[in-house]
Amino acid sequence: MDKGAEFQAYVRASLDSLHNYALLLARPPEDHEDLLQDSLIRGFRGFDSFDRALPFKAWMFGIIRNTYIDRYRRRKLRPLEEPLDDEQPSASMDSPLYSIPLAPEDILLRQEAIEQVRAGIRRLPLLMREVVELRDIEELPYRAIATIIDRPIGTVMSRLYRGRNLLRTYLVEPRRQDGQATRIPHEL
């Protein structure tokens, strides 16, 4: 298999995850496609250095992250410090979470719960959001995350712990736009 076909096969197998990670990092979010394209070009150019014994997805996440940092340094922006105020699309019915047929009320409750979790993750500071996304959504091991973000495993674990705790407070005590606690009825 030639280099181009092999790279394409790897990309096809993990394109959704690569796209989601670019969307997570890109500011403004509309730049995620450019970020992904630039990263894929870098990945293809450096594909000879890819160790086939390691996960391709983790290798590409590192390239996407470095491309993101490089792009924003060139723009004189401070990477990884801005809040996220955008909306991402909600979970689709093709998701494995919907593999079991449910009653319409159960489907609605599940969709609302998923959207609350996604909204909570979007509220996390980027450094925590990135680690929570890589660990809990992409299910990468700590070592791979440490490699991607170029930090020790202890830092990964600390950010994940703090991110999960902050996410828990967002979910337990939902906030309105003005920052005051809202009351949620216990029954629908």
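Every number in this text was worked out from the coordinates using simple rules, so none of it is lab data. What you see is a predicted model; the values in this text were computed from it and never measured. Cβ placement follows ideal geometry from the backbone for every residue including glycine, while neighbour counts extend to all protein chains displayed.
Quick look at the numbers
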read-out	value
Debye intensity ratio in log₁₀ form over the Cα atoms of region 3-74, taken at each q of 0.22 Å⁻¹	-0.92
Net charge contributed by nearby residues that have their C-beta within less than 15 Å of Thr67 (K/R +1, D/E -1)	+1
Under 5 Å, built H, 5+ apart or other chain: amide partners of Leu140	Arg135
Relative contact order (percent, whole number), region 3-74, Cα cutoff 8 Å, 6+ residue spacing	35 percent
Sum of side-chain charges, Glu130 neighbourhood, beta-carbon under 10 Å (Lys, Arg +1; Asp, Glu -1)	+3
Hz values of 3J(HN,Hα) by residue in region 58-71 - Karplus curve (6.51, -1.76, 1.60), Gly and Pro given as x	5, 4, 5, 4, x, 5, 4, 5, 5, 5, 4, 5, 4, 4
Taking the convex hull of Cα positions in region 96-172, its mean projected area over all directions (nm²)	5.5 nm²
Estimated vicinal HN-Hα couplings, Hz - region 149-161 in sequence order (Karplus 6.51, -1.76, 1.60; Gly, Pro = x)	8, 6, 9, x, 4, x, 5, 4, 5, 5, 5, 5, 4
